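Only one structure is covered here, and it is reproduced in the block below.
The values are calculated or read from the model by the stated rules, or taken from the named source; none is laboratory data. The structure presented is a predicted model; accordingly, all values stated were derived computationally and were not measured. Virtual Cβ from ideal backbone geometry, glycine too; neighbours counted across all protein chains shown. Protein only, heavy atoms only, side chains kept; ligands, DNA and RNA dropped before computing areas. Shrake-Rupley method; radii C 1.70, N 1.55, O 1.52, S 1.80 Å.
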Amino acid sequence: MTEKLYDKDAYGHEFTATVLNCEEDKKGFKVVLDKTFFFPEEGGQTPDTGTLGGLEVVHVSIKDDVITHYLNEPLEVGATVTGKVDFDHRFLKMQMHSAEHIFSGLVNSRFGYNNVGFHLSDNSATMDYDGKFSYEEALELERKVNEIIVEGRKITAVYPSKEELAALSYRSKKELTGPVRIVTVEGVDVCACCAPHVRNTSEIGVFKITSWENYKSGVRVNYLAGFRAIEDYERRLSDLREISRTLSFKQGEELAGVVKLSKDLSDLKYKEVELRNKFIDLKVKSEKTDGENGVCILPSDFSSNMKYACDALKELYPGVRTVLCGSDEEGYRFYAESDTSDLTELLKLLKEKFNVKGGGKKNAIQGTILAKSGEIRNFL
Ligand SMILES: [Zn+2]
């Protein structure tokens, strides 16, 4: 069993310890100490980072109360080593985790729902609940969490005796055996938890829900707290500044600018379709021949207009209408329709004569053809 120094002191981050064991496996060297400040991956939270004996700790796990530190190089068994936890990294998680307790406590007292899933990594944080509440209700609780942060309430972590525990009403995700660590946010929440927490709610600084969604039979809430929320805020402001700069919007008018831009874009797309159709109509009419069968050759970037071109041909040609889209160098996509001929026969002939891939039915075929447009036109 490893002595968990972080249990009693969430702020301690430098320590000396004795190496009890060091084994090599696929993940590197597994080092067990007599005691550690490194919080392992546990309870949905990713582990602490830092160094041990000057070597980077790449992962920390716990099993049967033994904490294992993973290193890329070995440490000598019996040696005394200095451990340094990256406290800036640890503190961000403490802010995040303590905020989660307050929010989950409020969800529980207001709706009676339980926090049934918690995930806290360096990139994301999610809280899952076993009942539904709306985004507006979540925002009301967010406001309440921030009030509790401002009130500066104490957060404590203790191991109560069996008798004390039996008399205690507390939240817990699973049935617990052995000593239970109870984290209390004064007047707000009592919850079984193994992780380090801040000692006062004021240290959380700020709590912000970033997204909310229906999840299984309840909801999943993504959130940020403390310095991570500030970093995210700055990143979003920076994005907004970049958008304003790129699109020449005045500060504060970004949304109106984007709405106008979006409308302008859809107007332009509509006009583009109109122009393309006009171009096709003129092309089909100007190239009118006396034959039964008509062919229209379109530039490469007209592939979405092939059906329209085929319909335009239909007004002038009673036989086979073929549209080619592409170039002599790259080849053509083709689409053909007919109400009178069996086009599967035509496809067979095309395949005999040219390098053709494609398929279709009696009255419509499509595919690709590698040949010069003049040759294809003559063949058709
Ligand atoms: Zn917890």
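Just to verify a result, which residue in segment 81-110, among those that are open to solvent by less than 50 Å² (accessible area, probe 1.4 Å) and away from the ligand (no atom under 16 Å from the Cβ), is nearest to the chain's Cα centre (by Cα)?
Among them, the one singled out is HIS89.
Could you list, in sequence order, the residues of segment 215-239 that are of a type in the set (D, E, K, R), closer than 14 Å to GLU100 by Cβ and in a helix (DSSP H, G or I)?
Listed by number, the list holds a single entry, ARG228.
From the residues in segment 265-295 that are of a type in the set (A, V, I, L, M, F, W, C) and farther than 13 Å from GLU315 by Cβ, which one is nearest to the chain's Cα centre (by Cα)?
Among those that are of a type in the set (A, V, I, L, M, F, W, C) and farther than 13 Å from GLU315 by Cβ, it is LEU265.
Go through segment 275-304 and report how many residues are over 24 Å from ASN378 (Cβ atoms) and in contact (Cβ under 8 Å) with a residue 24 or more places away in the chain.
Residues meeting the conditions: 3.
For ASP267, are the conditions met, namely being among the acidic types (Asp, Glu) and either touching a residue at least 40 places away in the same chain (Cβ under 8 Å) or surrounded by 13 or more Cβ atoms within 10 Å (Cβ to Cβ) (or both)?
No; evaluated as a whole, the condition is false for this residue.
Among the residues of segment 190-214, write down those that are in a strand (DSSP E or B), within 15 Å of ASN146 (Cα to Cα) and within 16 Å of the ligand (Cβ to nearest atom).
PHE207
In segment 126-172, what residues are without any contact (Cβ under 8 Å) to a residue 40 or more places away in the chain and in a helix (DSSP H, G or I)?
GLU136, GLU137, GLU140, LEU141, ARG143, LYS144, GLU147, LYS162, GLU163, GLU164, LEU165, ALA166 - these are the residues of segment 126-172 that are without any contact (Cβ under 8 Å) to a residue 40 or more places away in the chain and in a helix (DSSP H, G or I).
Just to be sure, is ARG220 open to solvent by 50 Å² or more (accessible area, probe 1.4 Å), closer than 24 Å to GLU41 by Cα, at pLDDT 95 or above and not aromatic (Phe, Trp, Tyr)?
yes
Taking the criterion of being more than 19 Å from LEU20 (Cβ to Cβ), over 27 Å from the mean Cα position of the chain (by Cα), open to solvent by 50 Å² or more (accessible area, probe 1.4 Å) and assigned by TED's automatic domain parsing to the domain that holds LYS26, would at least one residue in segment 66-77 satisfy it?
yes
Please go through segment 1-56 and pick out each residue that is of a type in the set (S, T, N, Q) and farther than 15 Å from HIS197 by Cβ.
Hits for segment 1-56 are THR2, THR16, THR18, ASN21, THR36, THR46, THR49, THR51.
Would you point out the residue of segment 157-183, among those that are within 13 Å of the ligand (Cβ to nearest atom) and over 32 Å from the mean Cα position of the chain (by Cα), that is nearest to GLU203 (Cα to Cα)?
Going through the qualifying residues, I end up with ALA157.
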